[in-house]
Amino acid sequence: MSPGRRIRERLRLLLGRAVTTVIVGDLECPTCLVLTPHEAHYVAGLLHHVQCESCGQRWEMGHDRLRASYLRALPGRIRSKPARLVQEARNRPVTFAVTIPLRVLSKPARIAGEAGAVVGVFR
Ligand SMILES: [Zn+2]
């Protein structure tokens, strides 16, 4: 991950917006009719939307399906969180100790951002 993208993600954390993972790749755009760079945006590991970087055309995933997938995965994410935190603390103790206070404080806002993006309140 580039430093610029890392900074943007930190700002999203602080502002309570959904944390998205963006993957860039060439796809054939139905509007441009040629291979163009597209950005695929994921929220909570779920494909949220794809956008052509050439013409700006954007395709949103169905929010009903996203919401169902999100709600299905959420209990597993909650159950596995303690083990993931322990693993992270063992692997990167200094980073873990420095970042955990802000992460704990911002978690409710991040979950709200994820849920908002999944149900279509946030874009
Ligand atoms: Zn296009």
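The values are calculated or read from the model by the stated rules, or taken from the named source; none is laboratory data. Note that this is a predicted model, so its numbers are computed, not measured. All Cβ positions, even for glycine, are placed from backbone atoms using ideal geometry, and neighbour counts span all protein chains on display.
A few points about this structure:
- With respect to being free of Cβ contacts under 8 Å to residues at least 24 places away in the same chain, closer than 28 Å to Trp59 by Cα and surrounded by 12 or more Cβ atoms within 10 Å (Cβ to Cβ), Ile111 fits the description.
- Single condition Arg67 does not satisfy, out of (1) within 16 Å of the ligand (Cβ to nearest atom); (2) out of contact with any strand residue (DSSP E or B) (no Cβ under 9 Å at 6 or more places or on another chain); (3) of a type outside the set (S, T, N, Q): (1)
- Residues (within 12 Å of the ligand (Cβ to nearest atom) and closer than 27 Å to Arg110 by Cα) located in the stretch 27-53: His38, Glu39, Val50, Gln51, Cys52, Glu53
- For the stretch 88-97, filtering for residues that are among the aliphatic types (A, V, I, L, M) and surrounded by 11 or more Cβ atoms within 10 Å (Cβ to Cβ) leaves 1.
- Selection from the stretch 38-93 of residues that are basic (Lys, Arg) and within 15 Å of the chain's Cα centre (by Cα): Arg67, Arg77
- Pair list, Cβ < 9 Å and 6+ apart or interchain, from the stretch 45-71 residues that are at negative phi to residues that are among the hydroxyl-bearing types (Ser, Thr, Tyr) and within 16 Å of the ligand (Cβ to nearest atom): Cys52/Thr31; Cys52/Thr36; Glu53/Thr36; Ser54/Thr31; Ser54/Thr36; Cys55/Thr31; Cys55/Thr36; Gln57/Thr31
- The condition (being within 16 Å of the ligand (Cβ to nearest atom) and either surrounded by fewer than 12 Cβ atoms within 10 Å (Cβ to Cβ) or modelled with pLDDT under 90 (or both)) is satisfied by just one residue among Gly116, Gly56, Gly4: Gly56.
- Tyr42 being touching a strand residue (DSSP E or B) at 6+ places or on another chain (Cβ under 7 Å), assigned to a helix (DSSP H, G or I) and not aliphatic (A, V, I, L, M): no
- Ala44 fulfils the conditions (1) modelled with pLDDT of 90 or more; (2) touching an Asp or Glu at 6+ places or on another chain (Cβ under 6 Å); (3) surrounded by 13 or more Cβ atoms within 10 Å (Cβ to Cβ) except for a single criterion, (1).
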